[in-house]
Amino acid sequence: MKVDKREVEIRGRKLAYTYIQNQSDTVCFMLSGSSYTYDKPLFYYATMGMLEKRTDIVHIHYDYMDERLDLYDDKFAALVSEDVDAVIRAVLFGRTYSRMVVVAKSLGTLALGRRMFDDYPDAYFVILTPLLKKDSLAATLAGVSNKILIIIGDKDHHYMEETVKRVMKGEAKVTTIQEADHSLEAVPLDPFRSLTIMHQVITEITSFLYDE
């Protein structure tokens, strides 16, 4: 296994990413939340599970400390999308893969515009706690036919029951975890149930990606 720290230059500044290479024919791009980073449980165990399957992994380290962090601003969403696209294209320019996976959480789901799904029609998308209050994202998820797994908790402040029902009418597979928050942890606080939820989430991701 080889781990590289790399950068792409975009809009006059450098965007870092970590590229974990296992000489695989599958690559997974991970798009973190604003504060839910790759050392947090969902990404840590998703990464471990994919490394076990010898998948190549890219962690994108966007940093918007200098930006006005408005998750519902279309200009900000375009910024995230542009950054993610630059990294994806840089990686795919240097290496040919037969299979591509995208795992996005929260802020990272802003990169999942219609163009992303159109540009990579054969990719697998794992979408954790999406920002469903953003109408354009909800409409996109309901309208595309890509291979999509969505996992969200019903105590997530971005959870909207009617929107989830609308998305479920499309092609996406949607799992709603009862009594779970935006970190997919138990509400009220219960560490043992949170571990059970984590096991469920990682099991569903693994099955979605590898049990064919």
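Of the strands (runs of 3 or more DSSP E) contained entirely in the stretch 1-66, those carrying at least 2 residues that are under 14 Å from the mean Cα position of the chain (by Cα) and in contact (Cβ under 8 Å) with a residue 60 or more places away in the chain fall at 26-31.
Considering only residues of the stretch 91-105 that are open to solvent by 10 Å² or more (accessible area, probe 1.4 Å) and not in a strand (DSSP E or B), which is farthest from residue 19 (Cα to Cα)? Give the derivation first.
Of the residues in the stretch 91-105, the ones open to solvent by 10 Å² or more (accessible area, probe 1.4 Å) are 92-100.
When the remaining residues are screened for being not in a strand (DSSP E or B), the result is 92-98.
Details: 92: 12, 93: 14, 94: 12, 95: 12, 96: 14, 97: 14, 98: 17 Å.
By that ranking, first place goes to 98.
Within the set 154, 211, 190, 118, the sole residue that is within 17 Å of the chain's Cα centre (by Cα) and not small (Gly, Ala, Ser) turns out to be 118. Taking the condition among the β-branched types (Val, Ile, Thr) and farther than 22 Å from residue 106 by Cα, does residue 26 pass? So residue 26 fits the description; yes. Among (1) within 30 Å of residue 196 (Cβ to Cβ); (2) open to solvent by 10 Å² or more (accessible area, probe 1.4 Å), which single condition is residue 63 missing? (1) is the only condition that residue 63 fails.
Taking the numbered list (1) without any contact (Cβ under 8 Å) to a residue 40 or more places away in the chain; (2) open to solvent by less than 60 Å² (accessible area, probe 1.4 Å); (3) farther than 15 Å from residue 110 by Cβ in turn, residue 162 passes all entries but (2).
Give 183, 145, 136 a once-over and let me know the one that is open to solvent by 10 Å² or more (accessible area, probe 1.4 Å), polar (S, T, N, Q) and within 15 Å of the chain's Cα centre (by Cα).
On the way: 145 fails: within 15 Å of the chain's Cα centre (by Cα); 136 fails: within 15 Å of the chain's Cα centre (by Cα).
On inspection, the qualifying residue turns out to be 183.
The values are calculated or read from the model by the stated rules, or taken from the named source; none is laboratory data. No experiment lies behind these values; they were computed from the predicted model shown. Methodologically, a virtual Cβ is constructed for each residue, glycine included, from the backbone with ideal geometry; neighbour enumeration extends over all protein chains shown. Areas reflect the complete protein model, heavy atoms only, side chains present, ligands, DNA and RNA absent. Shrake-Rupley method; radii C 1.70, N 1.55, O 1.52, S 1.80 Å.
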